[in-house]
Amino acid sequence: MTMTTSVPRIALATSTSGPDPSIAGLALIAGLTARGRRVQYFRARSCPTPTETVAHATGMPGRHLDAWLMPPDVCLTLLAGGVRGADLGVVEGTVDEPAAATAIDAPFLSSFMAPSEAVAGDLGPLADLLDLPVVSVAPIAGFRQGTFHLPRPPRGAAAVILDGVESAEDLERCRRLVRMTSGLPVVGAVDLLPAARAEIKSARPGTYPREAVEALAASFLRHADLGAIDDLAASRPYPDFIEQPVRRRAAGAAPFRVAFARDEAFGCYFPDTFDALAAMGAKLVEFSPMNDGSLPDRIDLVMLGCGLTNQYAARLASNLSMAAALRQHVCRGQRIYTEGGGSAYLGRSIVIDDERFAGAGIFPIDAEFVPNPQSPRRVARRLSRDSWLGPRGTEVRGYRSGRWDLTFTPTTFECPSCSGPLSGDGDFYFRHHAVGSFVHLHLAALPDVVSAFAGPHHPSLVRPTPVRLPEEDQQGDA
């Protein structure tokens, strides 16, 4: 069905590196929330994050858009759906050739958050597709020292926010300079506030530096033209699009129950995944791999997302009852889907700083945590065998985690039809109907996979047909 809807929205064009959300982005969304606005924040890159800063600042979990990963109709549907319960959508990423990280950003690169949060996504295609009014964030560190060079706003920018203001005089001078060089209005600014920035920099994942964020929000509100921001957000009609139909379970089908891990160690999920499952009639139930002794009753699918497995490896290894419950779930032929740290936990062992902890023993891998992980990278993978994720040859796109080094460790006489790699790239593994991925998938962009989650399933230990490799075919022909 073709949809025409009102979607108030803006885009923030920020630096290629730094905290996520950026300092200016965090100040904006927290400031607008303090004024009673319901703000839905979107990252322009579909990587899960081990922080709930956005949720704390706005009361709404952060969401994701990604023009590389998602078809256009999915992007349009997800933005419109996410903003439906909000007053404003804010999409943050980079456009064209953003300014290099300044002195404001640089301290955050190594210690603010995980590398998955230190590289912004490409905003350009999303801005075109979603007709986003772009607000360029201009760092102005060095203005007083005479080393300041005004960053060039991206093409099509509609307004500017100044980041790192040291005085009212500097703000007015920079405002005039922006107007003179680009003709764009300055609709907001954030003071330098070195103490607040340092507090955010030093905050550990899983904690929320409330006082620092409140200081940023107050700073933004002192300088913001809220009327201009509201006008800009409502200035463009939303493009017509075909809303993606929800694939519901057949009438009379038994309730489909999904247990998902959420505790100190696990919690990185895309909200759109839960929305899609709930729309299909799934019943979502939380459980804790660290604290519970068993899985919830009558579970069809277990999900373990990414998180801080490396920090809680010892506690996870000590919960022998949960590891046994997960193995029993697999042995009964039921489904498990894991990503990143969740997949590492289901391996044979987790290695942290040369210390080895027992995993749940489901996937035939040892996972070693990388002390200085690389940022997740875009990858496309093809399934090397049939599975409930899709038939052999199915392509999936996602972001390969850089946090784990994997070693394939099959046991002697282990049947390769019962467990092993699920792709030729060493980052998808399976055991019976359990699938572990080290590629983060945005399942809302994979409707067939989501349908498989809630689709018909007959628990079975029947071994799938062994995959014949091209070399084997050639030998047979010879």
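The values are calculated or read from the model by the stated rules, or taken from the named source; none is laboratory data. For clarity, every value in this text was computed on a predicted model and none was experimentally measured. Virtual Cβ from ideal backbone geometry, glycine too; neighbours counted across all protein chains shown. Each accessible area value is taken on the protein alone, full model and side chains, heavy atoms only, with ligands, DNA and RNA left out. Shrake-Rupley method; radii C 1.70, N 1.55, O 1.52, S 1.80 Å.
Only residues that are aliphatic (A, V, I, L, M), farther than 15 Å from Tyr269 by Cα and in a loop (DSSP other than H, G, I, E, B) were counted across segment 24-83, and they come to 4. Go through Asp87, Asp66, Asp131 for me and flag whichever is modelled with pLDDT of 75 or more and open to solvent by less than 10 Å² (accessible area, probe 1.4 Å). Going through Asp87, Asp66, Asp131 in turn, just one is modelled with pLDDT of 75 or more and open to solvent by less than 10 Å² (accessible area, probe 1.4 Å): Asp66. If you go through segment 253-292 and keep only what is among the aliphatic types (A, V, I, L, M) and crowded, with 20+ Cβ neighbours inside 10 Å, you end up with Val258, Ala259, Ala261, Ala265, Ala276, Leu277, Ala282. Got at least one residue in segment 429-444 being without any contact (Cβ under 8 Å) to a residue 60 or more places away in the chain and farther than 11 Å from Phe363 by Cα? So far as segment 429-444 goes, no, none of its residues is without any contact (Cβ under 8 Å) to a residue 60 or more places away in the chain and farther than 11 Å from Phe363 by Cα. Residues in segment 209-260 that are more than 21 Å from Leu12 (Cα to Cα), in a loop (DSSP other than H, G, I, E, B) and modelled with pLDDT of 90 or more: Pro209 only. Looking at Ala314, is it open to solvent by 10 Å² or more (accessible area, probe 1.4 Å) and part of a strand (DSSP E or B)? Here the answer is no, as Ala314 does not meet what is asked.
Hey, could you check segment 134-153 for residues that are buried (at least 20 other Cβ atoms within 10 Å of the Cβ) and either in contact with a helix residue (DSSP H, G or I) (Cβ under 8 Å, 6 or more places away or on another chain) or of a type in the set (Asp, Glu) (or both) and say which is modelled with the lowest pLDDT? The extreme case among them is Phe143. Taking the stated definitions as given, is Thr273 under 22 Å from Pro205 (Cβ atoms), β-branched (Val, Ile, Thr), in contact with a strand residue (DSSP E or B) (Cβ under 9 Å, 6 or more places away or on another chain) and assigned to a strand (DSSP E or B)? For Thr273, the condition - under 22 Å from Pro205 (Cβ atoms), β-branched (Val, Ile, Thr), in contact with a strand residue (DSSP E or B) (Cβ under 9 Å, 6 or more places away or on another chain) and assigned to a strand (DSSP E or B) - is not met. Could you tell me which residue of segment 436-451 is surrounded by the fewest Cβ atoms within 10 Å (Cβ to Cβ), considering only residues that are among the aliphatic types (A, V, I, L, M) and assigned to a loop (DSSP other than H, G, I, E, B)? The qualifying residue surrounded by the fewest Cβ atoms within 10 Å (Cβ to Cβ) is Leu441.
Looking for whichever is closer than 21 Å to Arg35 by Cβ, free of Cβ contacts under 8 Å to residues at least 60 places away in the same chain and open to solvent by less than 20 Å² (accessible area, probe 1.4 Å) here; the options are Leu216, Leu193, Leu171. Which one fits? From the options Leu216, Leu193, Leu171, the qualifying one is Leu171.
Within segment 404-424, the set of residues being at negative phi and assigned to a loop (DSSP other than H, G, I, E, B) comprises Thr409, Pro410, Thr411, Thr412, Glu414, Cys415, Pro416, Ser417, Cys418, Leu422, Gly424.
In segment 343-369, the residue that is most open to solvent (accessible area, probe 1.4 Å) out of those that are within 22 Å of Ser321 (Cβ to Cβ), part of a loop (DSSP other than H, G, I, E, B) and of a type outside the set (Gly, Ala, Ser) is Arg348. Restricting attention to segment 385-435 and to residues that are under 23 Å from Trp68 (Cα atoms) and hydroxyl-bearing (Ser, Thr, Tyr), the residue that is surrounded by the most Cβ atoms within 10 Å (Cβ to Cβ) turns out to be Ser401.
Screening the candidates Val435, Val396 for the property of being within 17 Å of Glu339 (Cβ to Cβ), modelled with pLDDT of 90 or more and of a type in the set (Val, Ile, Thr) yields one hit, Val435. When residues in segment 370-403 are screened for being out of contact with any Ser or Thr (no Cβ under 8 Å at 6 or more places or on another chain), assigned to a strand (DSSP E or B) and not hydroxyl-bearing (Ser, Thr, Tyr), 9 of them pass.
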